[in-house]
Amino acid sequence: MNDHHFLSAASDMARAAGQLLQTMYASELEIALKNGNERDLVTTADYAADRLIRERLVAAFPEHAVFTEETFRPEAVIDWQTPTWIIDPLDGTTNFAHGLPIFSVSIALHDASGARVGVVYEPLRDWLFAARAGGGATLNGRPLQVSHQAQLRRSIVACDWSRSPEQRRASARIFNNFANEVRTLRSLGSAALGFCYVAAGCLDVYYNLSLWPWDVAAGELIAREAGATVTDEHGDSWTIETPGVLVSNGLVHAEAAAIVNRHWSKNGT
């Protein structure tokens, strides 16, 4: 099987999960807290979409591993030598639970060589972002390219908020500093869509100080295949296990990283 086949399968599964989420959106949901954290919600929709994707992946690719947000355990270690599907069945759970129509399904296949395919599906818009390594990125089949904005003062910058108080305070300081340097600011509530909107040229910069592999596995590939620059939040090298991220069109990356660095040090202060 080649990456075209994997990408087609991931796209079909993302659409199926998205259709399920759409039927559950704005309905009565059971909402719970993960580890008692008021900022970390999980709903019956998360679990239903997770189960749908996992069952289809296991049936289609029994030789592959599957790693999802909803089945994650702290002791889990990903064996990157084995082709591994990395899933966020509902990225933007808090938005979803509150009726805010910004959420997505994220599905990616990684192995020892890195990301091979990635799909992010936004069901309410029927937007399917997709990419395969070396094959470019698309939105509903249309090729994507990052913006050509070379001036930070004319850029649109977005971020999302970490759950730890310290990181939230740092994000707020960075956000405030960007406010005086850019055209405008946004906060989305879905990291996967933050990457994809940079890929589509809707945003020029997106940053987040604390992400998990399922948040970035698909979106990072889509952004990179559209020409984006992806680093850690300081502008240094990034891997899927790096929590902080800065993604941009590349032209304003150094300026954006400099603003982050004023308020968030390498040792996390």
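The values are calculated or read from the model by the stated rules, or taken from the named source; none is laboratory data. All values reported here derive from a predicted model rather than from experimental measurement. Ideal geometry is used to build each Cβ from the backbone, glycine not excepted, and the neighbour counts take in all protein chains shown. We work out accessible area using only protein heavy atoms, side chains counted, and drop any ligands, DNA or RNA first. Shrake-Rupley method; radii C 1.70, N 1.55, O 1.52, S 1.80 Å.
For region 66-93, enumerate the residues that are among the acidic types (Asp, Glu) and either under 17 Å from the mean Cα position of the chain (by Cα) or within 15 Å of ALA49 (Cα to Cα) (or both).
First pass over region 66-93, keeping only residues among the acidic types (Asp, Glu): 69-70, 75, 79, 88, 91.
Selection gives GLU69, GLU70, ASP88, ASP91.
Among the residues of region 102-128 satisfying the criterion of being aromatic (Phe, Trp, Tyr) and either touching a Ser or Thr at 6+ places or on another chain (Cβ under 7 Å) or under 25 Å from ALA256 (Cα atoms) (or both), which is surrounded by the most Cβ atoms within 10 Å (Cβ to Cβ)? Outline the logic, then answer.
Kept after step one, since they are aromatic (Phe, Trp, Tyr), are these residues of region 102-128: 103, 121, 127.
Of the ones still in play, those that are also either touching a Ser or Thr at 6+ places or on another chain (Cβ under 7 Å) or under 25 Å from ALA256 (Cα atoms) (or both) are 103, 121.
Values: PHE103: 26, TYR121: 29.
Only one residue tops the list, namely TYR121.
For a quick check of your reading of the model, give me the residue pairs whose first member lies in region 254-269 and is within 24 Å of ARG153 (Cα to Cα), whose second is among the β-branched types (Val, Ile, Thr) and modelled with pLDDT of 70 or more, with beta-carbon atoms closer than 6 Å and at least 6 apart or on different chains.
Listed pairs, sorted by first residue: ALA256/VAL205; VAL260/ILE174; HIS263/ILE174.
Residues in region 186-202: is at least one in a strand (DSSP E or B) and open to solvent by less than 50 Å² (accessible area, probe 1.4 Å)? Walk me through it before giving the result.
Of the residues in region 186-202, the ones in a strand (DSSP E or B) are 186-187.
Next, only the ones that are open to solvent by less than 50 Å² (accessible area, probe 1.4 Å) stay: none.
Taking every residue of region 186-202 in turn, none turns out to be in a strand (DSSP E or B) and open to solvent by less than 50 Å² (accessible area, probe 1.4 Å).
For region 254-265, check the following and say yes or no: at least one residue is of a type in the set (A, V, I, L, M, F, W, C), open to solvent by 30 Å² or more (accessible area, probe 1.4 Å) and over 23 Å from ARG169 (Cβ atoms).
Going residue by residue through region 254-265, those that are of a type in the set (A, V, I, L, M, F, W, C) are 254, 256-260, 264.
Within this subset, residues satisfying the condition of being open to solvent by 30 Å² or more (accessible area, probe 1.4 Å) are 254, 258.
Now narrow it down to the ones that are over 23 Å from ARG169 (Cβ atoms): 254.
Looking for residues that are of a type in the set (A, V, I, L, M, F, W, C), open to solvent by 30 Å² or more (accessible area, probe 1.4 Å) and over 23 Å from ARG169 (Cβ atoms), one finds at least one in region 254-265, hence yes.
Can you give me the number of residues within region 160-171 that are basic (Lys, Arg) and within 19 Å of the chain's Cα centre (by Cα)? If you could, list the steps in order and put the result at the bottom.
Within region 160-171, the subset basic (Lys, Arg) is 163, 168-169.
Retained after the next criterion (residues that are within 19 Å of the chain's Cα centre (by Cα)): 163, 168.
Here the count works out to 2.
Restricting attention to region 220-248, which residues are open to solvent by 30 Å² or more (accessible area, probe 1.4 Å), in contact (Cβ under 8 Å) with a residue 40 or more places away in the chain and in a loop (DSSP other than H, G, I, E, B)?
GLY227, the sole residue that qualifies.
Only one of these conditions is not met by PHE178: (1) in a strand (DSSP E or B); (2) open to solvent by less than 10 Å² (accessible area, probe 1.4 Å). Which number is it?
(1)
Return the only residue of THR93, THR82 being in contact with a helix residue (DSSP H, G or I) (Cβ under 7 Å, 6 or more places away or on another chain) and at pLDDT below 95. Even if it seems obvious, please write down each step before you answer.
Working: THR82 fails: in contact with a helix residue (DSSP H, G or I) (Cβ under 7 Å, 6 or more places away or on another chain).
One residue alone meets the criteria, THR93.
Would you check which residues across region 79-88 are touching a strand residue (DSSP E or B) at 6+ places or on another chain (Cβ under 6 Å) and either open to solvent by 10 Å² or more (accessible area, probe 1.4 Å) or closer than 23 Å to ASN140 by Cα (or both) and list them? Break it down stepwise before answering.
The initial filter retains those residues of region 79-88 that are touching a strand residue (DSSP E or B) at 6+ places or on another chain (Cβ under 6 Å), namely 82-88.
THR82, PRO83, TRP85, ILE86, ILE87, ASP88, listed by residue number.
For every residue, the table says whether it meets (1) part of a loop (DSSP other than H, G, I, E, B); (2) within 14 Å of the chain's Cα centre (by Cα).
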residue: ALA158; (1), (2): no, yes
residue: ARG173; (1), (2): no, no
residue: ALA218; (1), (2): no, yes
residue: GLY250; (1), (2): yes, no
